[in-house]
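The structure under discussion appears below in the form of structure tokens.
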Amino acid sequence: MVAGAQGGVIGARLARNEDARLLTGRALFVDDLQLPGMLHAAFLRSPHAHARLGAIDAERARALPGVVAVFTADDLGAAWRPGPLLVPPPPVPGALFHERTQVPLARGKVRHLGEPIALVVAESRELAEDAVAEIRVDFAVLPAAADLEGALAPGAPRVHDDLDSNLAAHVVQGRGDVEAGRAAARLVVRRRFRYDRGAAAALEGRGVVAEWDARAERLTVWDTTQAPIPIRNGLAAWLGLSEDRLRVVAPFIGGGFGPKIMMFYPEEVVVPWAALRLGRPVKWVSDRAEDFVSTTQERLQIHDAELAVDGDGRILALADSFLHDTGAYDPYGLTVPLNSQANALGLYAIPAYRSELRAVFTNLPIVTPYRGAGRQHGTFVIERLLDLAARELGLDRAEIRRRNLLPKEAFPVAQGIVYQDFTELTYDSGDYAPILEQALERIGYRRFVEEEQPRARAAGRRRGIGIVTYVEGTGIGPFEGARVQVQGSGRVTVATGVGTQGQGHFTAFAQVAADALGVDAAEIDVTTGDTDRFHWGTGTFASRGAVVAGNAIHAAAGAVAERARALAAAALGVEAGEIELAGGAARVRGEPGRAIGLGELARRANPLRGAVASGSEPGLEATRYFGPERGATAAGAHAMIVEVDPETMAVAIEKYVVVHDCGRVINPLLVEGQVHGGVAQGIGNAYYEQLVYDASGQLLNGSFMDFLVPTALDVPPIEVGHLETPSPLNPLGVKGAGEAGAIPTGALFAQAVEDALGLPGFEILEIPLSPNRLFELVRAHRAARGEEGA
Amino acid sequence: MSGARRLAVRAEINGRAVAREVEPRRLLSDFLRHDLGLTGTHVGCEHGVCGACTVLLDGEPVRSCLLLAVQADGHAVETVEALGGEQGALGPLQEAFRRAHALQCGFCTPGILTTITAFLREHAEPTEAEVRRALSGNLCRCTGYQHIVDAVLAAARSRRDG
Ligand code: FES
Ligand code: FES
């Protein structure tokens with residue numbers, strides 16, 4: 001079916017349906033809930049990264065006025081058990097995986113800073129926090145495995161005592177003959193790359209409110225989750241409730257970016273459990289300090305990688321062996337490092353590839369996907385290696401990329417390795433040369449390199465340019481569903497299971513339904529993330545909302561449209577093929593006067609008296625599901641011009657360009673917003689945001705004073721170019737766009753800054769940078785070369 | 001509840017006189033949100049950095065997480081709930097935000113709207129650089145700021161033309 005023929009609402013730059021509520025302060029966020037009789041929870045969290053737990057003395061806390069209960073692991077009874085493994089290990093021969101998932105409250109020992117040990121429930125948040133301070137715990141502090149490489153050394157402290165080492169997983173993937181590629185190469189570039197931890201730092205922290213309604217025998221949980229349906233199903237099993245006794249609502253969420261999908265955060269189990277146990281509503285909302293140690297994090301990997309190229313810079317082989325820090329537990333399986341393995345292939349024709357990953361337990365907070373989710377690392381590896389190869393061969397950076405791009409005829413490209421969705425990584429569609437060329441054009445690459453940079457250099461200014469490309473695997477299965485209903489008023493409701501955290505789903509989904517039904521997108525009310533409204537589906541992750549839920553809505557709205565045409569045809573005495581849907585009505589093509597409103601059709605489809613034809617279903621309503629056979633691969637290029645102040649190492653971004661292809665675009669305004677936001681996080685990740693842990697696993701910069709999130713002065717205007725190569729894997733032809741902005745920024749930063757500094761032999765092989773770190777790197781480089789001023 | 005000492009707060013909140021008793025340690029942000037139900041004001045860090053909790057105190061932007069409720073005694077406070085037009089309609093700044101897609105999750109938005117409301121009162125014709133400086137005390141994790149800058153410039157233009 002070709003969508004978009006009616007009125008072009010798909011592809012329109014519509015302002016959002018959800019904004020009025022958010023702009024006036026009426027939107028409901030979890031912390032806004034105020035329920036009668038509500039109690040407040042606070043957690044005692046481990047102040048140590050690794051310690052044995054001795055006695056826990058909560059008597060003083062329990063005795064404080066206003067304290068209702070204090071719970072530790074032993075109080076939880078059958079509800080104390082390790083969480084589920086959210087993503088099983090991949091079906092790769094020889095893969096090793098040790099499942100060690102987090103527990104609701106620590107027992108025996110604590111394995112990372114911030115791990116919850118006890119829960120206090122009190123009449124107010126302040127009293128709960130007062131009581132937390134009165135709990136005494138005998139900690140026997142243990143040495144911590146806080147360094148990724150050190151954690152694998154013989155004799156390293158073990159995070160899980162029952163394992164021989166901290167090795168959590170080992171997976172080798174590849175294809176082609178890497179040895180032969182190496183042997184035939186003119187040049188083999190081999191480097192070590194490091195990409196350190198950061199925090200997603202959504203502006204809203206996590207929170208859970210749970211209420212047990214004894215009369216209705218229902219538990220309602222409001223949760224800042226990206227995946228309300230899996231939370232409901234898992235929680236029902238956990239607490240021994242039937243699924244229909246449990247409602248999970250993800251209301252407005254103040255940013256997700258990945259870490260708000262975890263199964264389960266301890267608080268997501270313990271707070272509902274406490275509400276059931278106490279028979280009163282319980283609210284827990286994290287503060288920022290808590291968020292820095294209790295919300296999952298990402299990004300520490302160390303890669304030893306090499307690229308073999310011929311004399312023209314054509315890639316012959318890529319080999320990579322890397323360590324992935326999974327933190328103290330691994331509930332999310334290997335999603336992140338598998339993404340790294342996939343993304344290292346980039347947009348390029350790489351005949352031979354070998355990638356070995358070792359996931360490592362450390363005494364650091366748990367690692368799960370954060371926007372980009374391991375893709376950054378793969379992109380950093382291949383893009384940096386290409387830069388270095390180009391430098392050694394005396395080739396232009398854009399040219400070496402151009403020479404290696406997969407040609408248009410190559411699609412679909414089967415990559416011969418297993419992707420995070422456990423299918424063979426396959427690029428569904430793409431046309432990469434125009435992406436690169438448009439980015440070069442927009443940034444003014446030639447002019448900069450040939451004229452502006454030499455001029456700047458002559459004037460003593462350190463200006464540089466960068467150009468990098470990336471792929472983004474998006475829109476993976478398994479499935480989502482949607483129900484579309486025309487009401488008697490003519491308004492349309494759409495319900496789907498994915499949660500929304502600012503992506504504009506209320507609008508994009510409305511556009512998809514509006515397109516099929518011929519109604520104004522503003523006439524469509526979208527509900528997401530409430531299991532009472534729709535209870536099948538998985539969640540918002542891996543840039544899949546628009547792809548998977550979008551296509552389910554497309555199918556459901558299409559089915560409603562078909563039914564409306566059939567009913568209207570019968571009512572108006574014509575063939576269904578003569579009916580068109582437009583302006584909220586079904587009308588006879590070419591005779592606009594002969595029409596019947598969709599609301600009227602909906603009313604007639606739900607008669608109160610009389611007989612209906614046998615087998616007919618009531619209402620103008622349909623529910624449909626969509627599951628893609630595999631993920632769709634988006635691609636893009638980023639380019640930027642920077643100036644570096646050699647005294648302070650401040651980096652000023654003069655111009656930033658993104659050209660990307662995420663298939664058919666439902667709403668370019670929303671996609672631009674996603675790209676802008678991703679780039680801003682990418683810039684933060686590249687130059688400001690680093691979680692700094694000391695050797696004992698203590699976090700040294702757990703506040704917004706010390707962990708610097710970019711401001712409006714740090715993020716430049718971003719110019720976005722769209723190319724549209726539709727995906728053949730779904731009827732809408734869309735691909736995801738949620739992570740594109742954040743993926744290549746580290747690689748771009750490194751390249752552009754290196755270029756700006758123009759120091760012979762100087763290489764940036766790590767992210768995040770910072771002015772300090774850059775200064776140190778330059779000084780070390782100068783010292784190594786015996787230069788003055790080092 | 002505890003027997004903690006309580007102090008009186010009498011303030012004008014969004015144009016209405018309010019009189020309450022609060023614990024001395026009650027933050028202004030919690031007072032607005034949880035005692036008065038004005039949940040449009042958001043709390044992103046509780047340590048004065050993110051700006052999500054910004055409200056106007058006698059017309060000046062302040063961080064309500066860094067003030068105690070009792071410090072609002074005798075003052076006028078405006079929150080995002082006061083910035084709209086009649087009957088829940090959007091005010092001009094809010095409308096400019098909607099048109100420019102200047103919000104995604106919307107969590108930072110109330111603090112930005114209050115900050116910019118005060119800014120535009122004093123800067124009728126701001127440059128982009130001035131707008132960015134005015135925004136630099138408010139963190140937004142979603143938008144990359146570009147559309148927010150666009151919205152503020154558009155709102156300033158329509159104030160002048162309007
Ligand atoms: S909550 Fe007040 S500045 Fe962040
Ligand atoms: S819109 Fe989400 S923090 Fe600004």
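Quick note: the coordinates plus some simple rules give every number you see, no bench work behind them. Keep in mind that what you see is a predicted model, and the values were worked out from it rather than measured. Cβ: placed from backbone, ideal geometry, glycine included. Neighbour counts: every protein chain shown.
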For the pair A:Arg447 and A:Ala652, the simple spin-label estimate (label points 7 Å beyond Cα toward Cβ) gives in nm 1.9 nm
Counting just the Cα atoms, what span does chain A cover along each of its three principal axes? Round to the nearest Å and put the largest first. 95, 74, 50
Going 7 Å from the Cα of A:Leu167 toward and past its Cβ, which residues in region A:356-370 have a backbone nitrogen under 14 Å from where you end up? A:356-361
By count of other Cβ within 10 Å, fewest leading, how are A:Met263, A:Met38 ordered? A:Met38, A:Met263
Please list the three semi-axes, largest first and in whole Å, of the ellipsoid equivalent to region A:90-213, using sqrt of 5 times the eigenvalues of its alpha carbon gyration tensor. 43, 20, 16
Net charge contributed by nearby residues that have their C-beta within less than 12 Å of A:Val665 (K/R +1, D/E -1): 0
How are the alpha carbon pair distances in chain B distributed across 5 Å bins from zero to the largest one, expressed in percent? 2, 9, 18, 22, 19, 14, 9, 5, 2, 1, 0, 0
Given a Förster distance of 25 Å, report the FRET efficiency between A:Arg81 and A:Glu217 from their Cβ-Cβ distance, rounded to the nearest 0.05. 0.55
Show the residues, 5+ positions off or on another chain, whose built amide H is closer than 5 Å to the amide H of A:Lys655. A:Ile641
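Over all directions, the average projected area of the alpha-carbon convex hull for region B:7-82 comes to how many nm²?
Working: hull surface 16.6 nm².
Taking the Cα atoms of region B:7-82, their convex hull projects to 4.2 nm² on average.
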Residues in region A:324-361 reached by a label modelled at A:Arg190 [backbone nitrogen below 16 Å; 7 Å Cα→Cβ]: A:354-356
With each label point set 7 Å from Cα along the Cα-Cβ vector, what nm distance links A:Ala695 and A:Asp525? 6.2 nm
Give me the compactness ratio for region A:402-457, meaning the Cα radius of gyration over 2.2 N^0.38 Å. 1.68
Of A:Gly497, A:Gly610, A:Leu572, which is farthest towards the positive pole of region A:479-626's charge dipole, taken about the Cα centre with +1 and -1 on the beta-carbons of Lys, Arg and Asp, Glu respectively? A:Gly610
Could you give the Stokes-Einstein D for region A:479-626 in µm² per second, using the C-alpha Kirkwood radius, 25 °C, 0.890 mPa s? 158 µm²/s
Length gain on complete extension for the stretch A:Val612 to A:Arg13, per 0.36 nm per residue less the alpha carbon to alpha carbon distance? 211.4 nm
What whole-number distance in Å separates the alpha-carbon centres of region A:206-239 and region A:504-531? 26 Å
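Which translational diffusion coefficient, to the nearest whole µm²/s, is obtained for region A:577-687 from the Stokes-Einstein equation, given a Kirkwood hydrodynamic radius over C-alpha pairs, 10 °C and 1.306 mPa s? Please report the intermediate quantities before stating the final value.
Details: Rh = 20.3 Å.
Rounded to a whole number, D works out at 78 µm²/s.
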So what is the calculated 222 nm ellipticity per residue for the protein assembly as shown, using -39500 (n - 2.57) for each DSSP H run with n of 4 or more, over all residues, to the nearest 500 deg cm²/dmol? -8000 deg cm²/dmol
Tell me the label-point distance for the pair B:Arg6, A:Arg457, using the 7 Å Cα-to-Cβ offset, in nm and rounded to one decimal. 7.4 nm
Taking a spot 7 Å from the Cα of A:Arg175 along the direction of its beta carbon, which residues of region A:376-395 have an amide N less than 20 Å from it? A:378-379, A:382-383
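If each residue of separation counts as 0.36 nm, what is the full-extension length gain between A:Asp310 and A:Ala784 once their alpha-carbon separation is subtracted?
167.7 nm
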